[in-house]
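Novice: Before we start, here is the structure in question, set down as structure tokens.
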């Protein structure tokens, strides 16, 4: 991650104002997903193994994501956000780094996940909340 990352809103304002240059676009881009994950581990002083375990992702699949040999589905990226213990802003950035759609409050399932992240709920509690509303849990998809 760059020292001064350009937020999406800032980039949009710059583009609307008519300013566009290579440096601005380079600042707005994120590194490849495995590199982003490893940078995040360093930044948060967390070990891969700990993040994977807390994510509810199998060990082998988790290491494949971190090594770049597997591209995770959107739900797996969200699980990683829970594994890292990310706040909402960092979760949205993680999804963007994975080239997945960000959480959108008008989608009911996303709204439950947004609520969970914002209120500091864990992965299991989020699964229970999703089940309460008759929605698919994050951990049920095949790897």
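Novice: Can you bin segment 67-126 into rounded, prolate or oblate? Criterion: square roots of the alpha carbon gyration tensor eigenvalues sorted a ≥ b ≥ c, rounded for a/c under 1.5, prolate for a/b above b/c, oblate for the rest. Walk me through the numbers before you get to the answer.
Specialist: Working: a/c = 1.82, a/b = 1.42, b/c = 1.29.
Because a/c hits 1.5 or more and a/b exceeds b/c, segment 67-126 counts as prolate.
Novice: Okay, next question. If neighbour count is taken as other Cβ atoms inside 10 Å, put 29, 55 in order from fewest to most.
Specialist: On the way: 29 10, 55 24.
Fewest-to-most Cβ neighbours within 10 Å comes out as 29, 55.
Novice: Now for a different question. At 1.567 mPa s and 4 °C, plugging the Kirkwood radius over alpha-carbon pairs of segment 31-140 into Stokes-Einstein gives what diffusion coefficient in µm²/s? All intermediate terms of the calculation are to be shown ahead of the outcome.
Specialist: On the way: Rh = 13.8 Å.
Reported coefficient: 94 µm²/s.
Novice: Once the Cβ-Cβ distance between residue 128 and residue 58 is put in as r, and R0 is 25 Å, what FRET efficiency do you end up with, to the nearest 0.05? Please list the in-between numbers first.
Specialist: On the way: r = 21 Å, r/R0 = 0.84.
For R0 = 25 Å, the calculated efficiency reads 0.75.
Novice: Modelling each spin label as a point 7 Å along the Cα-to-Cβ direction, I'd like the residue 99/residue 35 distance in nm, to one decimal.
Specialist: 1.4
Read-outs: derived from the displayed coordinates by stated rules, not from any lab. All values reported here derive from a predicted model rather than from experimental measurement. A quick note on method: Cβ atoms are made from the backbone with ideal geometry, for glycine too, and the neighbour counts reach across all protein chains shown.
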